[in-house]
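Colleague: I have a structure here, written as structure tokens, and I will follow up with some questions on it.
Quick note: the coordinates plus some simple rules give every number you see, no bench work behind them. Quick caveat, the model's predicted, so the values are computed rather than measured. Positions of Cβ are generated from backbone atoms using ideal geometry, with glycine treated the same way; all protein chains shown enter the neighbour counts.
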Amino acid sequence: GKKWTEVSKLVEEIAGSEVLIRGRVHTYRVQPSIVFVILRQSGSTVQCVAKQSEETNVSVNMIKYLEKLSCESIVDVIGAVVLPKDPVKGTTQQVEIQVRKLYCVNKALTRLPVSVEDAARSEVDIKKYLETGRRAVRVNQDTRLNHRVIDLRTPANQAIVALKSKLVNFFSENLLSKDFVNIFTPKLLAGSSEGGSAVFRLEYQGQPACLAQSPQLHKQMAICGDLRRVFEIGPVFRAEKSFSHRHLCEFVGLDVEMEIDKHYSEIMDLVDELFVFIFTSLNNKCKKELEAIGKQYPFQPLKFLEKTLRLTFEEGVQMLKEAGVEIDPLGDLNTESERKLGQLVLEKYNTEFYILHRFPTAVRPFYTMTCVDNPLYSNSFDVFIRGEEIISGAQRIHTPELLEQRAREHGIDVKTISTYIDSFRYGAPPHGGFGAGLERVVMLFCGLNNIRKTSLFPRDPQRLAP
Ligand code: ATP
Ligand code: AMO
């Protein structure tokens, strides 16, 4: 009937009391008649000392048994909380546990494919070791991902998972307060929404089908169904062919769609308020997580303005031109020019978060509304963090004839999306929205170098397991 004590709650104030704790063997050290076990529970660690003596009730047999422990095994410890003579190095908790009993609940393999200690080593420490000519284990990405269950146990990964969870909450909290409703659209579709080849095809009860490349069609249809302001947090599937640091084959989409009065700037206003709220909340309410991530992967806090900077695509092209980078004024930015523009914006406006709008029509999806003053440009935008895209958005075409024509021009088989096009024949209000990739937002906010670090079990062109 004894209650469990969390490792994080093992503090000086409870010195002298007896506790029951469950955790993993992080590391252990055996000496004659004494065993030191560092016990870990999520990000917290405490040193447990089993010393053979009459007083502690620890027998020779118990010491022998402890010598056969293995790292990552789950153990239950009963012992007294004591203040060590010298401060314990390398644990989060400053007290020590004088072990009376230790049971192994579940033993882990003696030879693990990766140790959590190695997986958790900070990039700074690795660099320092290497500079002094010492050998340092840097666990490579594939090894981490092959053994993701172990890799997830590091403080940085625990923090990334927690941060993502909170970020999603800030996203919904802000939108719910603005009268948006959370919708859930189908992921099995008859036709592709974004066009192109990046679509997973499958068979649906004998009929050709595909996995949703975005909730685009149905979030717009929800608007046609008078839901007025909607959002969705759900899986998005892209059959990306090439390997990159920022593309996954399955990611979490943060999508929004809303009626507008007259101008697509209303959508950009929402992006501005929503993301400034998300970043501010992350900074204020996820200090512990950000610190744990930064400890392993150091990064500078994101620079953003209270009111998000907006530049037109033409202004962007001009800035690049002045810096000696020529790009097609009616084409798209490539990865390199996106990066460069990010740098130029940072130098000129001191922000790493900005909106680029009025993209050339030719490079946007078929459903994008063109500008009234110049059809070569569109009522669309992308949003960037540290020179990389996190959001695409636009006002949509709401006349069925034009929509159908544009879909055809984009090589889309309109038969497969006929119910979508029909939705606009029953009357549709002016509307627009945007989609963000959750893993990209987390990656770029935390200055991480690879999107796989922000996905629980990433899916990329070469990875379908674990
Ligand atoms: P979106 O899906 O909104 O377009 P994105 O970041 O993939 O997001 P793209 O417009 O597809 O943006 O691509 C921008 C640039 O990124 C392209 O010019 C190309 O250089 C590069 N890129 C696109 N897809 C890939 C990929 N699968 N692997 C590597 N690089 C890519
Ligand atoms: P887009 O195709 O730009 O737009 O996707 C929206 C956002 O999703 C993220 N993203 C990705 N993240 C990880 N891996 C990928 N392979 C990947 N592809 C895209 C990016 C991107 O900005 N329907 C439109 C949105 C809209 O207009 O509402 C769309 O899907 O962060």
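Colleague: Multiply the residue separation of Q205 and L109 by 0.36 nm, subtract the distance between their alpha-carbon atoms, and state the gained length in nm to one decimal.
Modeller: Gain in length upon complete extension: 30.2 nm.
Colleague: Along the Cα-to-Cβ line of S70, 7 Å from the Cα, sits a label point; which residues in the range 129-151 have backbone N less than 15 Å from it?
Modeller: In the range 129-151, the label zone of S70 (backbone N under 15 Å from the point 7 Å along Cα→Cβ) covers 150.
Colleague: Also: How large is ³J(HN,Hα) for each residue in the range 121-129, as worked out from phi by the Karplus curve 6.51 cos²θ - 1.76 cosθ + 1.60 (θ = phi - 60°), to whole Hz, x for Gly and Pro?
Modeller: Karplus values, whole Hz, x for Gly and Pro: 4, 6, 4, 5, 5, 4, 4, 4, 4.
Colleague: Continuing with this model, one more query. Quick one: if the Förster radius is 30 Å, what FRET efficiency do V372 and H245 give, using the C-beta to C-beta distance and rounding to 0.05?
Modeller: Taking R0 as 30 Å, the efficiency between V372 and H245 is 0.20.
Colleague: Sticking with this structure for a sec: Could you tell me whether the range 242-285 comes out rounded, prolate or oblate from its Cα gyration tensor? Rule is a ≥ b ≥ c as square roots of the eigenvalues, rounded for a/c under 1.5, then prolate if a/b exceeds b/c, otherwise oblate.
Modeller: The shape class here is oblate.
Colleague: Moving to a separate point now. Based on the Cβ-Cβ distance from S17 to E388, what FRET efficiency comes out when R0 is 45 Å, to the nearest 0.05?
Modeller: On the way: r = 51 Å, r/R0 = 1.13.
For S17 and E388, the calculated efficiency is 0.30.
Colleague: Once you place label points 7 Å from the Cα toward the Cβ at D328 and S8, how far apart are they in nm?
Modeller: That separation, rounded to one decimal, is 5.2 nm.
Colleague: With each pseudo-label sitting 7 Å past Cα toward Cβ, what's the I126-S197 distance in nm, one decimal?
Modeller: The modelled label-to-label distance comes out at 3.3 nm.
Colleague: Between I34 and T280, what length comes free when the chain is fully extended (0.36 nm per residue of separation minus the Cα-Cα distance, one decimal in nm)? Don't jump to the answer; show the numbers that get you there.
Modeller: Working: separation 246, 0.36 × 246 = 88.56 nm, distance 4.89 nm.
My answer for the length gained is 83.7 nm.
Colleague: Next question, about the same structure. What is the distance in Å between the Cα centres of the range 252-277 and the range 113-191?
Modeller: 27
Colleague: Between Q318 and T56, what is the label-point separation in nm under the 7 Å Cα-to-beta-carbon projection?
Modeller: About 7.4 nm separates the two model spin labels.
Colleague: I need the calculated FRET efficiency for the pair F457 and R100, taking r as the beta carbon distance and R₀ as 35 Å, to the nearest 0.05.
Modeller: The pair F457/R100 has a calculated efficiency of 0.35.
Colleague: Please give the helix 155-176 orientation as an angle from the longest Cα principal axis of the chain, in degrees from 0 to 90, rounded to the nearest 10.
Modeller: 40
Colleague: Calculate the dipole size of the chain relative to its Cα centre from +1 charges on Lys and Arg beta carbons and -1 charges on Asp and Glu beta carbons; express the result in debye to the nearest 20.
Modeller: Roughly 2160 debye, rounded to the nearest 20.
Colleague: I would also like to ask the following. For the ranges 413-421, 59-67, what's the packing order if you count other beta-carbon atoms within 10 Å of each residue, average per peptide, and put the highest first?
Modeller: Details: 413-421: 15.6, 59-67: 13.9.
Ranked from most to least packed, the peptides come out as 413-421, 59-67.
Colleague: I've got another one for you. Which pairs break 18 Å Cα to Cα here: K166/K287; K68/K107; K241/K340; K295/K453?
Modeller: Violating the 18 Å limit, Cα to Cα: K241/K340.
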